[in-house]
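J.: Quick one: the structure is below, and I'll ask about it shortly.
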Amino acid sequence: MASYLKQLEQYGIVEIVPTEKRNHLYRLTERFFNMWLIVTQGNPDQKRRAKYLTLFLETWYDGGELRGVAEKHLAELREGKLGYDKAMVLSKGLVHSKYIGVDERDEIIDLTQQLDPGGLSESELPRKYVEIWKEIEQLRVEEKFADALIKIEKIDNEGDGIKFFLKAYCLNTLKQHKESETNYLKAIEKGSVGAVNNLACLYEKLGRTEEAETYYQKAIEKEEWEALVNLAVLYFETNKNPKIALQYILEYLNKTGDESKTENIVLIEIWNGIFDNLDKKGERIIQDNKGEDLEWFLTNLLNLEPKQLVLNLFESPEHGKMLQDRYELLYYATRILAQKTEDNLLLRIPPEVMPTVQDIVEKVKEKQAFYATR
């Protein structure tokens with residue numbers, strides 16, 4: 001027996017605990033996994049004591065040492081230095097740890113399963129995060145955010161902040177904004193760059209524009225390109241820093257080549273006094289968007305006062321009829337603002353929608369005055 005223990009010590013699996021007596025004590029080298037062994041194999045009293053000790057250690061210590069264990073374990077798995085039995089013991093303990101990320105979790109599971117000669121690891125190890133994510137994404141598509149939250153809560157790993165990011169996204173959609181903010185902040189603490197941008201979006205939605213600007217700038221510093229567009233639009237909507245807004249949105253275009261933000265670029269160019277090829281750019285935007293989701297763009301064009309451009313788009317041979325059908329009330333408001341009320345336009349507008357048309361006209365005039373103050 002002593003020779004086997006000596007061999008296990010040489011392999012680094014156990015360590016000797018000297019005593020004053022002839023016989024020494026032995027324990028697994030990684031004490032965390034020694035506790036795991038007690039939890040899974042010991043009697044109920046041992047399991048309870050080990051559980052409380054684990055909770056105590058995780059409360060009082062940060063995850064640095066445990067993350068180091070995970071890095072070492074992964075390195076040995078990649079290099080083929082571990083047999084299946086030892087790998088499984090360590091892997092079982094690590095994949096449930098809150099101190100590692102989901103990518104580490106999945107790689108540990110993959111590499112351990114590759115060592116499994118009998119196909120038993122599928123029942124021993126949890127499902128990979130990538131499989132759980134597919135189910136969460138399907139629930140998101142189906143707008144079942146409460147159900148998605150239940151599934152997200154079952155993710156043990158918190159080391160990379162993905163769990164908190166997903167929770168924050170669902171909570172935001174459910175209009176639980178305070179809880180969403182809390183989880184985005186937790187995700188940011190764990191290094192999630194996307195959470196920085198999303199938190200800024202949340203602050204913007206809540207009207208907390210100074211905090212939104214701060215977090216968009218932090219996201220830009222972390223090279224989140226999307227934040228460049230978001231901050232540029234925030235500046236536009238608050239009539240602030242037009243030159244910087246133009247710089248940000250052009251920087252985004254240069255870095256990504258993504259031309260889906262053309263409507264934002266056109267608006268910010270007009271805001272900066274740039275009017276090059278507006279008719280062609282406007283036609284292209286309508287064509288690229290198939291006429292859908294253009295109300296924000298068309299309304300903001302009116303807010304910046306190129307009324308004739310908007311009227312030209314509404315009356316273009318190629319897209320005019322489609323735009324008039326989809327945005328009929330905005331078309332009426334555009335004609336009134338452009339003073340194109342011939343053909344008894346005011347009489348032809350159905351009386352039941354006339355108050356709404358007048359409301360659109362008044363709001364556009366307010367915005368025009370707002371942008372004129374710059």
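J.: Would you confirm whether or not segment 305-321 contains a residue that is on the phi < 0 side of the Ramachandran plot, modelled with pLDDT of 90 or more, aromatic (Phe, Trp, Tyr) and surrounded by fewer than 16 Cβ atoms within 10 Å (Cβ to Cβ)?
T.: For segment 305-321, residues on the phi < 0 side of the Ramachandran plot, modelled with pLDDT of 90 or more, aromatic (Phe, Trp, Tyr) and surrounded by fewer than 16 Cβ atoms within 10 Å (Cβ to Cβ): absent.
J.: Another question about this same structure. Return only the number of the condition from (1) open to solvent by 40 Å² or more (accessible area, probe 1.4 Å); (2) in contact with a helix residue (DSSP H, G or I) (Cβ under 6 Å, 6 or more places away or on another chain); (3) closer than 27 Å to Val229 by Cβ that Gln324 does not satisfy.
T.: (3)
J.: Also: So which pairs qualify, if the first residue must be in segment 266-285 and in contact (Cβ under 8 Å) with a residue 60 or more places away in the chain, the second must be aliphatic (A, V, I, L, M) and open to solvent by less than 50 Å² (accessible area, probe 1.4 Å), the Cβ gap must be under 7 Å, and the two must be at least 6 apart or on different chains?
T.: Going by the 7 Å Cβ cut-off, the qualifying pairs are Trp271/Leu304.
J.: Farther than 24 Å from Glu189 by Cβ, among the small types (Gly, Ala, Ser) and at pLDDT 85 or above, is that true of Ala87?
T.: In short, no.
J.: Looking at segment 92-125 only, could you name the residues that are at pLDDT below 90, surrounded by 13 or more Cβ atoms within 10 Å (Cβ to Cβ) and either under 21 Å from Gly63 (Cα atoms) or of a type in the set (A, V, I, L, M, F, W, C) (or both)?
T.: Lys92, Gly93, Leu94, Val95, His96, Ser97, Lys98, Tyr99, Ile100, Leu115, Leu125
The values are calculated or read from the model by the stated rules, or taken from the named source; none is laboratory data. Source: prediction; values computed, not measured. Positions of Cβ are generated from backbone atoms using ideal geometry, with glycine treated the same way; all protein chains shown enter the neighbour counts. Heavy atoms of the whole protein, side chains included, go into the accessibility calculation; ligands, DNA and RNA do not. Shrake-Rupley method; radii C 1.70, N 1.55, O 1.52, S 1.80 Å.
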